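In what follows, a single structure is set out as structure tokens and then discussed.
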Amino acid sequence: MKTNGATLFLETLLDEGVKCIFGNPGTTELPLMDALVNENRLQYYLCLQESVAVAAAEGYAFATGGPGIVNLHVAPGLGNAMGNIYNSKRAGSPLVLVAGNQGQPGHIHEIILWDDLPRMAEPLTKWAYEVRDVGDLEHAVRRAIKMALTPPTGPVFLSLPGDVLQTEAGGITGSPTRIPTRFPAAAEAIDRAAKLLVAAKRPILITGQGVARSGAKEELIELSELIGAKVYGECASNAFSFPVTHPQFAGDLPRIAGKMREQLEDADVLFFIGSEPLVLSFPPDVHPIPEHVRAIHLDLNPWEIGKSFPVEAALYGDPKITLPLITSAIDEKWGAPERQRARERRAEVEAETRRYWETVDPALNPGEETRPGMSRAAFQAAIREALPEGAAFVDESLTTGGNALRRAIGGKATDLFGMKGGGIGMGLPTALGAKAAMPGRPVVCVSGDGSAMYTIQSLWTAARYGLSAVWIIANNRSYRILKERILNLDGKANEFRRFPEMDFNDPPLDFPGLARSMGVGATSAETPAQLIEAVRAALASGKPWLIDAFIDLEPLER
């Protein structure tokens with residue numbers, strides 16, 4: 001069999017442990033598709049738009065811990081993918097993005113579809129490179145996978161010109177490189193952090209996706225319970241890094257500077273653990289971190305440590321290895337009075353968080369149960385009731401989500417895939433990748449109606465490959481989040497209560513019809529009871545299914 005650059009590329013992926021590719025090929029990827037004709041060891045998931053392929057690969061990467069491989073089509077395809085590549089950058093998704101390019105003899109003439117692809121990709125990737133010689137191809141692919149997986153993890157990009165893919169090549173000669181990161185922070189930093197926490201009267205822990213990726217949830221629980229600290233999730237959390245139902249957990253921090261400052265005002269020590277400290281929706285009018293607070297930060301991403309404010313204990317290390325060392329150091333440093341104060345503080349924190357959840361928990365405030373059009377709380381309560389134990393949950397809910405929805409699913413879902421970057425359209429395809437990685441697990445996605453229309457083509461891929469996730473469209477017939485935020489401008493929209501080009505009612509979107517047209521089953525639900533029944537039936541069907549849930553939110557108030 002003839003071996004060329006395209007077959008060498010596939011052999012290198014296989015040697016690196018890759019099992020699947022998500023892509024949308026075009027003419028410049030035809031050598032790769034030709035190499036796949038009799039290649040049965042790799043699954044190629046055809047996606048009908050490049051952003052679908054990127055978000056699907058992200059879901060797969062997070063679910064497996066390995067790299068997500070994405071095949072894009074030359075300059076226009078890379079351009080189409082940019083929105084979800086941005087999300088992947090902000091989330092640190094270990095993706096290897098490859099695009100075919102026109103053959104190099106045509107580059108000087110700028111033939112159609114050609115462009116300088118590495119320059120296009122560079123702002124959103126850790127490394128962007130064009131392979132110009134088949135002799136460098138294997139090396140480049142192995143380097144790309146190594147870089148994507150090494151903290152701080154993130155997307156990388158390779159441009160593969162057609163002549164390189166078609167040039168005769170030998171077999172693979174190298175081997176995978178993986179850089180171990182199971183190392184603790186420096187001893188002096190651990191000692192400094194322990195001293196700060198021992199002396200703290202009101203410590204707060206802020207946890208993020210770095211904890212989830214490290215597998216350090218149990219170690220974090222042990223520390224939080226020992227010192228009696230309140231625990232918050234980072235802004236825009238996209239993973240379960242601490243049990244949502246734990247009595248010391250107070251929800252995710254808000255993305256508004258003033259509101260964040262209010263919640264942190266009582267703290268004297270903040271300990272950031274695997275988290276991006278300040279993910280704000282708007283430029284801050286006040287600094288979110290009160291000036292009197294002393295900060296500690298533990299992370300495998302040194303960029304985040306001290307990025308926006310000074311930290312007194314900077315711990316560069318793996319959370320799972322480092323947290324027990326901090327816990328042990330604290331245990332050695334304090335005596336009976338400190339232990340008693342920690343027990344009292346824990347009781348105070350649990351009482352505070354209980355009062356908070358009583359105001360937002362949909363189980364306690366389920367809302368109207370019978371009228372057509374679900375309230376936010378009724379929708380969330382229905383999701384809690386219908387979700388099976390051990391589910392993986394993809395959350396792009398926006399105005400129907402937040403802390404209340406996370407609380408609702410927290411007792412049942414064991415994995416969370418959320419939006420980190422803020423660019424909508426990740427929910428539907430992320431569920432594709434999660435299901436491909438976890439075929440035996442129930443995967444449920446909640447997406448807003450506006451978000452869903454960015455990547456509705458995901459449903460066709462689900463039907464083609466039997467990826468039996470369940471998609472719930474929280475359908476409020478509008479860009480509700482834009483309506484809420486435009487009122488804050490205190491301009492004409494607030495005066496006239498008019499929202500130009502923010503409604504989907506003329507004509508309305510027919511989500512069940514769209515789903516059925518792409519081979520996916522569909523149901524509508526107007527009440528919580530109907531939604532519960534629809535979710536259970538969809539999961540029982542063993543097929544990909546969409547549920548159009550009618551949301552009737554309360555009137556807008558500034």
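For T7, state whether it is more than 30 Å from I424 (Cα to Cα) and touching a residue at least 60 places away in the same chain (Cβ under 8 Å).
yes
Here are some residues: R119, R90. Which one is among the charged types (D, E, K, R) and either over 19 Å from E50 (Cβ atoms) or free of Cβ contacts under 8 Å to residues at least 60 places away in the same chain (or both)?
R119
For V74, state whether it is at positive phi and open to solvent by less than 60 Å² (accessible area, probe 1.4 Å).
For V74, the condition - at positive phi and open to solvent by less than 60 Å² (accessible area, probe 1.4 Å) - is met.
Restricting region 285-312 to residues that are within 21 Å of E262 (Cβ to Cβ) and open to solvent by 80 Å² or more (accessible area, probe 1.4 Å), which is nearest to the chain's Cα centre (by Cα)?
If we take residues in region 285-312 being within 21 Å of E262 (Cβ to Cβ) and open to solvent by 80 Å² or more (accessible area, probe 1.4 Å), then D285 is nearest to the chain's Cα centre (by Cα).
Those residues that are of a type outside the set (D, E) and assigned to a helix (DSSP H, G or I), I need them from region 181-194; list them, please. Even if it seems obvious, please write down each step before you answer.
Residues of region 181-194 of a type outside the set (D, E): 181-187, 189-190, 192-194.
Selection gives A187, A189, I190, R192, A193, A194.
Being of a type in the set (K, R), at pLDDT 95 or above and buried (at least 24 other Cβ atoms within 10 Å of the Cβ), is that true of even one residue in region 219-241?
Yes - at least one qualifying residue is present in region 219-241.
Condition (residue is in a loop (DSSP other than H, G, I, E, B), within 30 Å of L30 (Cβ to Cβ), among the hydrophobic types (A, V, I, L, M, F, W, C) and open to solvent by 50 Å² or more (accessible area, probe 1.4 Å)) applied to region 163-180: is it met by at least one residue? Give the steps one after another, and end with the answer.
Pass one, region 163-180, residues in a loop (DSSP other than H, G, I, E, B): 167, 169-180.
From what's left, within 30 Å of L30 (Cβ to Cβ): 167, 169-176.
Next, from what is left, pick out any that are among the hydrophobic types (A, V, I, L, M, F, W, C): 169, 172.
Those still in the list that are open to solvent by 50 Å² or more (accessible area, probe 1.4 Å) too: 172.
Checked region 163-180: at least one residue is in a loop (DSSP other than H, G, I, E, B), within 30 Å of L30 (Cβ to Cβ), among the hydrophobic types (A, V, I, L, M, F, W, C) and open to solvent by 50 Å² or more (accessible area, probe 1.4 Å).
Tell me which residues, restricted to region 379-396, are outside any loop (DSSP other than H, G, I, E, B) and either within 22 Å of the chain's Cα centre (by Cα) or among the hydrophobic types (A, V, I, L, M, F, W, C) (or both).
Answer for region 379-396, where residues must be outside any loop (DSSP other than H, G, I, E, B) and either within 22 Å of the chain's Cα centre (by Cα) or among the hydrophobic types (A, V, I, L, M, F, W, C) (or both): F379, Q380, A381, A382, I383, R384, A386, A392, F393, V394, D395, E396.
Checking the condition of a type in the set (A, V, I, L, M, F, W, C), at pLDDT below 95 and open to solvent by less than 10 Å² (accessible area, probe 1.4 Å), which residue from A408, A431 passes?
Of A408, A431, the one residue that is of a type in the set (A, V, I, L, M, F, W, C), at pLDDT below 95 and open to solvent by less than 10 Å² (accessible area, probe 1.4 Å) is A408.
Rundown of residues vs (1) of a type in the set (V, I, T); (2) open to solvent by 30 Å² or more (accessible area, probe 1.4 Å); (3) at pLDDT 95 or above, yes/no style:
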site	(1), (2), (3)
F9	no, no, yes
I21	yes, no, yes
P31	no, no, no
V54	yes, no, yes
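If I ask for residues that are outside any helix (DSSP H, G or I) and open to solvent by less than 80 Å² (accessible area, probe 1.4 Å), which ones from region 325-365 would you list?
W334, G335, D361, P362, A363, N365 - these are the residues of region 325-365 that are outside any helix (DSSP H, G or I) and open to solvent by less than 80 Å² (accessible area, probe 1.4 Å).
Please specify each residue of region 138-162 satisfying the condition of being small (G, A, S) and either modelled with pLDDT under 95 or in a loop (DSSP other than H, G, I, E, B) (or both).
Those that are small (G, A, S) and either modelled with pLDDT under 95 or in a loop (DSSP other than H, G, I, E, B) (or both): G154, G162.
Return the residues of region 258-284 that are crowded, with 21+ Cβ neighbours inside 10 Å and aromatic (F, W, Y); say none if nothing qualifies.
Once the filter is applied, which keeps residues that are crowded, with 21+ Cβ neighbours inside 10 Å and aromatic (F, W, Y), region 258-284 yields F271, F272.
Please work out which one of (1) open to solvent by 10 Å² or more (accessible area, probe 1.4 Å); (2) farther than 20 Å from A61 by Cβ; (3) in contact with a Leu (Cβ under 7 Å, 6 or more places away or on another chain) is the condition A463 fails and give its number.
Here A463 clears every test but (3).
Quick check: is even one residue across region 94-115 open to solvent by less than 50 Å² (accessible area, probe 1.4 Å), among the β-branched types (V, I, T), part of a loop (DSSP other than H, G, I, E, B) and over 21 Å from A61 (Cβ atoms)?
No, region 94-115 contains no residue that is open to solvent by less than 50 Å² (accessible area, probe 1.4 Å), among the β-branched types (V, I, T), part of a loop (DSSP other than H, G, I, E, B) and over 21 Å from A61 (Cβ atoms).
The values are calculated or read from the model by the stated rules, or taken from the named source; none is laboratory data. These numbers come from a predicted model, not from an experiment. In this analysis, Cβ positions are derived from the backbone assuming ideal geometry, glycine residues included, and neighbour counts consider all displayed protein chains. All accessible areas refer to the heavy atoms of the entire protein, side chains included, with ligands and DNA or RNA removed. Shrake-Rupley method; radii C 1.70, N 1.55, O 1.52, S 1.80 Å.
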